[in-house]
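Only one structure is covered here, and it is reproduced in the block below.
Here, each number is a calculation from the coordinates, and none is a lab measurement. These numbers come from a predicted model, not from an experiment. Cβ atoms come from the backbone with ideal geometry, glycine included; neighbour counts cover every protein chain shown.
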Amino acid sequence: MLENLTPFLVHWGITALSLWVASHLFSGIKFTNTSSLIVSALLLGFANAVVKPLLVILTLPLTLLTFGLFLLVINALMILLVSSLVKGFRVSGFWTAFFASIFIALLSLVIGSFVTGGSPSQTIQMPRSGLWL
């Protein structure tokens, strides 16, 4: 069980660190306290895992039409969604969320590659018995 919890906690920490750095670089992003930062990182991970795939599927024609650039808009919308749900997290507008989401994604990628040693955090393997259920 601990082997499944460790990558989650590492990813959560990387997201929190990226949000914290972004709040210092972008004047339109503010956290009132540390707990709002931690809750925002957790909720952003949840939104990216649950809500974002649904939005990607629903906007697939638009994403294909824009050659994937609409995914940047979806990332910004995820940050705006989290800021509307967490009381101590404030984002001044769409463009701040747009550029901050690009920065957060790149910084998380760089930090994650150093922390995990450049290897993917989770690999999918076929069950030995051949049954998926």
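The figures follow:
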item: Most mobile of 13, 68, 88 in a GNM of the chain (Cα contacts under 10 Å); result: 68
item: Contact order normalised by residue count of region 2-115, Cα under 8 Å, 6+ apart, percent; result: 35
item: Structure-based [θ]222 nm, the chain - -39500 (n - 2.57) summed over DSSP H runs of at least 4, per residue, nearest 500; result: -24000 deg cm²/dmol
item: Answer label for P(r) over Cα pairs in 10 Å bins from 0, in percent (calculated), chosen among (1) 11, 32, 26, 17, 9, 4, 1, 1, 0; (2) 12, 37, 33, 15, 3, 0; (3) 11, 39, 29, 15, 5, 0; result: (2)
item: Between 0 and 90°, nearest 10: helix 34-58 axis offset from the chain longest Cα axis; result: 70
item: Packing-based exposure ordering (other Cβ within 10 Å, fewest first) of 65, 19; result: 65, 19
item: Per DSSP, loop chymotrypsin sites (Phe, Trp or Tyr not before Pro) in region 61-90 with at most 16 further Cβ within 10 Å; result: 67
item: Between 0 and 90°, nearest 10: helix 2-25 axis offset from the chain longest Cα axis; result: 20
item: Choice from 87, 52, 30 showing the highest fluctuation, given a GNM over the chain with Cα pairs closer than 10 Å; result: 87
item: Gain on full stretching of the segment that runs from residue 24 to residue 59 - 0.36 nm per residue minus C-alpha separation; result: 9.4 nm
item: Helix 70-85 vs. the chain, principal-axis angle (Cα, 0 to 90°, nearest 10); result: 70
